[in-house]
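What follows is calculated from the coordinates using simple rules that are stated; it is not laboratory data. Values in this document were obtained by computation on a predicted structure and should not be read as measured data. Heads up, the Cβs are rebuilt from the backbone with ideal geometry, glycines too, and the neighbour counts pull from every protein chain shown.
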Amino acid sequence: MSSFEALSWTCLFAPLAGAVVLTLAGSRVSRTFTAWAGTGFALVSFAAAVYVTYKLHHEPKFHHHGAREHIFTLYTWATSGSFKVPLDILIDPLSVVEMLVVSGVGMLIVAYSIGYMHEDPKERRFFIYLDLFLFSMLLLVMAANFALLLAGWGLVGLSSYLLIGFWHERKAPVDAAKKAFVMNAIGDVGIAIAIFFMVRDLGTVEFQGVFDQAGSRWAQGSETANWIAFALLVGAVAKSAQIPLHTWLPDAMEGPTPVSALIHAATMVTAGVYLVARTHVLFENAPDIQAVVALTGVVTLLMAGVIALVQTDIKRIIAYSTMSQIGYMFAATGIGAYSAGMFLLVAHAFFKALLFLGAGIVIHALSGEQDVRRMGGLQPALRKTATLMWIGTIGLIGFWPLAKDAVLASALAKGGTTAMIVWVGGLIGAFFTGVYATRLMRLTFYGQRSTYADVHLHDTSHGEAPRTMLWTVTALAVGTILVGFLAIGFGTKDELASWLRFVAPTVESSVSNEVLTTALGWGAGLAGMTLVFWAYSRPERLAAVKRPLRAGAVVAENLFYWDAAYRRIAYLPASVTASALYRWFERWVIWGTVSLIAYVVRAFSRAATEAQNGVVRLYATAFVAGAAVLAGYFLTRASL
Amino acid sequence: MHVGVAWFLGVSAVLFGIGLYGVFTRRSPIILLLSVEIMLNASNLALISAARYSGQQAGQVFALVVMAVAASEVVVGLGLVVAMARRRADLDVDSLTGLRN
């Protein structure tokens, strides 16, 4: 085994080893040790990912199978006749990008948790769950076949469930965890159905085999091709909280803040984008479904942007902004600009984790308060946090990194109805982003400090937060700035696009397209920012802005009635059916059958106990009589 | 006179019958154990003669196993008899009904 292969496996299994070792160690080691060791295992994984990327970068980049593409097999996982599923991982430019994001951003967030979860009664368990999540996510992005991908897909769903419901003493997190699990299960079923099609028609679930044969086996736009792409899309939509399977993500904010940053911003929720980019061959084979991907993205980015305008919980604002940003990524993959979508994914992992962790510092400083209306004027007390969060906000609005503009410029270059809808929708969305992102900063850090904040704000003279928290947020801010240089555009060398060229191509855009799009995007963002600062400067201005939008605000505050609709069409009928079944079927049929069986058995046993009278010679007689009957039976048969 | 396998099996059947009669009619646990031993040896005889008749060794081995089992059974059985004798003078299996349902 080469060092390259060994370190690839190390990257995958280090977090799992962490979860197992720390579980077995239990309370024999101190809480601080568990926290630092959990971070250490994530760091090992990250170091391995860096080495693997470095090695891969030094390989020649000719386009043929085997160049910058390695498949390592551990053993055959499942066999059924000629159909085999190996346990193998794929190391190629796309998977190493994801490995770096997952293990790198993941490691920072685990380190942040050392400070954030300090003194929590279940501190050890938290770090074990985090390591388990990192393993699941790495399995998802490193898998070289669909079955293993589905295993990772399900495992991230499980660890997400465990972490959302981490504070299970309260009802809300438990409900949110169940909701997330059920919605994600819908997506799992989608992917499973796609796999069934592959097994039926191709007899393989290996990425390479499927992508090589897909075009010849399924005609472009044929029914099967559409079904496969649609089933994969269902999986992607559920995991990435796109409309209509999005309602679990805002509720998932009941989990601890590092969880929101790691799972519900940086890594897991963007897995849908990775899935579409990875299987783009299948989506290009079904152009109608690919258009649906783009439109889903546009609808989500607009709707989530509008809802984010009226939210008052700091974490929910960021959650809706995550949905909106993933909408941009879906739009990018829907128009074939995969590497632009991946660029936004990587940039988003940094600036959104940064925003969440910054919000975590604010929540920490205010003893757990999350309502932005009860904040305000925190900038003097949390100077560093405010500065760092501004970097995240600039990233979110799209001033730098120019990820959103890369997506929209590709849409403009692509042309056609779908792409133009993406372009226009994306620019409108940029305005909403400017408004809600700035509103979050304005309400949290500036203006009159609320009485609540006056009373509850911790003394920050000894530092704003534990050191592990501030350092990791600073590292993410540096990452946000640096990641922008991966792809600047405007005719400069696009590092990320050329790195991903053969795995996740993009739509080449012209310099004039990019200048136009970036100018409009910046303009929309700036307009939003200015509007917020102008409106919030005086109460009467704010009222004047809000008055004509009253009706729309009600719709947005009711989350476009998605939750209410699901309650009516799914929850209520199920609940009524279940209680009716309980009342009639369970109570009479099931309990009745069970009682009847019990009655019969009891009556029979009572009769049978009469034979157990304790007289040994009677037993012997019965025994011999039984043997005699059997002997007689067999002897008569033998003589016949 | 040629002594064939039928003779051996006949002796075995007679022995078995004697043992069975003992189990049915006697009430002393020691005699009961003796009768059971007679039955076991009757089956041993049948096994060995069948093995000899068929020319295969499996029956012989099986008889050895039966002897080992019989020895263990006698150990346990006599142990029980001694324990019983210590607790009560009356050694009658028909009055030992303490384990009924």
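Note on the range A:379-421 and the range A:278-326: Cα centroid distance 15 Å, given to the nearest whole angstrom. Remark on the protein assembly as shown: ratio of C-alpha radius of gyration to 2.2 N^0.38 Å is 1.38.
From the Kirkwood radius over Cα pairs of the range A:111-155, Stokes-Einstein at 20 °C and 1.002 mPa s returns a whole-number translational diffusion coefficient of 184 µm²/s. Seen against the Cα atoms of chain A and their longest principal axis, helix A:383-397 is set at about 80 degrees. Put simply, the amide H of A:Asn285, placed in the peptide plane, has no neighbours under 5 Å, leaving out anything fewer than 5 places away on its chain. Kindly provide log₁₀ I(q)/I(0) values, in the same order as q = 0.18, 0.32 Å⁻¹, from the Debye equation applied to equal alpha-carbon scatterers of the range A:151-191. Ignoring solvent entirely, the Cα scatterers give -0.45, -1.01.
The ranking of A:Ser579, A:Ser82 from fewest to most other beta carbons within 10 Å of each one's beta carbon is A:Ser82, A:Ser579.
Cβ-to-Cβ counts within 10 Å put A:His168, A:His118 in ascending order as A:His168, A:His118, the fewest first. The average projected area of the range A:517-570, computed from the convex hull of its Cα atoms over all directions, is 5.7 nm². Going by neighbour counts of Cβ atoms within 10 Å, the residues A:Leu500, A:Leu100 line up, fewest first, as A:Leu100, A:Leu500. Here is the P(r) of the range A:336-384: all C-alpha pair distances, binned every 5 Å from 0, give 5, 17, 22, 17, 10, 10, 9, 7, 3, 0 in whole percents. Apply the a/c threshold of 1.5 to the C-alpha gyration tensor of the range A:38-135 and tell me whether it is rounded, prolate or oblate. In terms of gyration-tensor shape, oblate. Amide H contacts of A:Trp77 (H built 1.01 Å from N, in plane; Pro and chain starts excluded): A:Val85, A:Leu87 sit under 5 Å, all sequence-distant by 5 or more or on other chains. The distance linking the range A:195-231 with the range A:14-32 is 42 Å (Cα centroid to Cα centroid, whole angstrom).
If the only charges are +1 at each Lys and Arg Cβ and -1 at each Asp and Glu Cβ, what is the size of the charge dipole of the range A:383-497 around the Cα centre, to the nearest 20 debye?
120 debye
Basic side chains Lys and Arg get +1 at the Cβ, acidic Asp and Glu get -1 at the Cβ, and with that the dipole of the protein assembly as shown about its Cα centre reaches some 1620 debye.
So what's the projected area for the range A:75-201, the Cα convex hull averaged over all directions, in nm²?
Mean projected area for the range A:75-201: 9.4 nm², to one decimal.
For the range A:286-418, what is Rg from Cα atoms divided by 2.2 N^0.38 Å, rounded to two decimals?
Here the answer is 1.17, to two decimals.
Taking amide H as placed 1.01 Å from N in the peptide plane, the amide H of A:Phe399 sits under 5 Å from none that are at least 5 places away or on another chain. The alpha carbon centroids of the range A:480-496 and the range A:341-377 are separated by 25 Å.
Among the residues of A:161-170, the average count of other protein chain beta-carbon atoms within 10 Å of the residue beta-carbon is 0.
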